[in-house]
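Beneath this line is the structure, given in structure tokens, with notes to follow.
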Amino acid sequence: MHLGSRAVGGAALVMVEATAVLPEGRISPEDMGIWADRHVPPLARIAEFVAGQNSVPAIQLAHAGRKACTAAPWKGGKPIIGEGQWQAVAPSAIPFDEGFSAPHALTQEEIEGLVEAFAEATKRSVRAGFQCIEIHAAHGYLLHEFLSPISNHRDDRFGGSLENRLRLMLMVAEAVRAHMDASMPLFVRISATDWAQSGGWDLEQSIELCKRLKLLGVDLIDCSSGGTLPKAKIPLGPGYQVPFAEAIKRDTGLLTGAVGLITKADQANKIIEAQQADIVLLAREFLRDPYWALHAARELGANFAAPPQYLRALN
């Protein structure tokens, strides 16, 4: 289970991340899943607890595609070969990297089934009490694999032209939105670029995708990058992905979220004040400091609520 607390103005959005819509869509055997009704009651307990802390429970629906079937990061993160292995799937039978088995290239019938899996996962998410849903279409996972010409070599209606490569993502977004209350926000996490030297997914294509997603009722784009190329040269640095959020916000009118090496309260606040993005999203920083939000609120002089057991320590 991945819990990433994500700051949203004066509130907090707490995201259950990487929740697989099918068992073969897990990144690792330890990943959360929502492909069966039996998953609803335990997830409902999480959603109820988060809501009880005056925060917004959210869930990220995901399918790892050709990057599935690896050991958990704390167990090395390498592909599982032999015992415990399952068949990964992808738009094309192209392994992600050395050591990965070739994925099964999905048939058009299987793609239709995948869309239905996202729809059913959405229904379960709503029943569990989540108040926001994010579709994970970034980091070289399945939906991103269909978008990128690096991983999508299909010659049917799901491959080739940009129009065809967008098709599955748009079908999934439409299916998910159809099973959500109109007042529930729908996020989509994308990789704004593959960081490829040539021939990959890029910001221009991302902007076109986001314009289409806006028409389908998507509310916010969570702007990340990379993941398709195992050895991409990425210019890492504080806030290195913020320009993507700024460009997509400017050119589409959609709300955007800024992510990536945003670790300081003042840094996050300046992004919002400069209107480069509408929210700042953090994950790993909360692993380093579970009380980041409280520390940030104090540093910025903001009013905030805390559990009564903590009140003696806040002054």
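Altogether, the Stokes-Einstein calculation at 20 °C and 1.002 mPa s, with the Kirkwood radius of the range 2-313 over Cα pairs as Rh, returns a diffusion coefficient of 108 µm²/s. Taking other C-beta atoms within 10 angstrom as a stand-in for reagent exposure, R312, R165 fall in the order R312, R165, fewest first. Got a sec? Charge dipole of the range 170-233, +1 on Cβ for Lys and Arg, -1 for Asp and Glu; which of Q197, H179, I207 is way out at the positive end? Toward the positive end, the furthest listed residue is Q197. The H on the amide N of E134, modeled in the peptide plane, is under 5 Å from the matching H of I59, Q60, L61, F187, each at least 5 residues off or on a different chain. Over the chain, DSSP H runs of length four or greater, each weighted -39,500 (n - 2.57), average out per residue to a 222 nm ellipticity of -10000 deg cm²/dmol.
Only Lys, Arg, Asp and Glu carry charge here, each on its Cβ (+1 for the first two, -1 for the last two); on that basis the range 2-313 has a dipole of about 640 debye about its Cα centre. Computed about its Cα centre, the charge dipole of the range 191-315 is approximately 260 debye, with only Lys, Arg, Asp and Glu carrying charge at their Cβ. Cross-link check: pairs K67/K264; K67/K211; K214/K249; K214/K270 evaluated at a Cα-Cα cut-off of 20 Å; pairs beyond the cut-off: K67/K264; K67/K211; K214/K270.
We did not get these values from a lab; they are worked out from the coordinates using the rules stated. Keep in mind that what you see is a predicted model, and the values were worked out from it rather than measured. Backbone-built Cβ (ideal geometry, glycine too); neighbour counts: all protein chains shown.
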